[in-house]
Amino acid sequence: MDLFGKQGDVVDFGGGTDYSNYKFFSEPPPRQEPPPPEQVSSPYNEAFEFALSAAPNVLYARYKQYGQLGVLAWCSEFGELIDALKTLGFQGNMFVSTRTQALKTCVEILRLRLPDVQMQIIIMYLSSQVARLRRFLDSDTQWDDYPELTFPLEPPNVKSPGPL
């Protein structure tokens, strides 16, 4: 036994097998029938519609309970919901009612007033998640209801110490 606990000896079970008369890949494997498509999209769509209709209320509850950090955490959860919605859509199982509810949810989320969220990076993250969902659902529409950011464009008047 060596330092790493492995056996150093090789176990040999005898002579090798003779494959000289065997023809590999001479016959293709039997064809398998694809399974029939499952009709399970309805419960998923109903669950997504419920989650999307509750999303603005959950966001506001997180905001009231945890402040800015609650909004940040909710954005991460909303991103997971968006990923699951995209998977459902790419599989071709998304109903029109689910899409409509998702677009309505985006509008409701952006209408929420969250005055204590001072970190603009959180507002940008929330807006980017909404934009990501909107781009997936309706890429042709231009949306202009995103919150205004108030970055200071000019630095405050600070006197430089002069040439060094």
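The values are calculated or read from the model by the stated rules, or taken from the named source; none is laboratory data. Predicted model only: the values in this text are computed from it and were never measured. Remember, those area values only see protein heavy atoms, side chains included, never the ligands or the DNA or RNA. Shrake-Rupley method; radii C 1.70, N 1.55, O 1.52, S 1.80 Å.
Values for this structure:
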| read-out | value |
| --- | --- |
| The range 33-151, accessible area per residue, ligands and nucleic acids excluded (1.4 Å, Å²) | 63 |
| Solvent-accessible surface ranking, highest first, for Lys23, Lys104, Lys64, Lys86 at 1.4 angstrom | Lys23, Lys64, Lys104, Lys86 |
| List Asp138, Asp116, ordered by accessible area with a 1.4 Å probe, largest first | Asp116, Asp138 |
| Heavy-atom accessible area ranking, 1.4 Å probe, most first, across Thr87, Thr17 | Thr17, Thr87 |
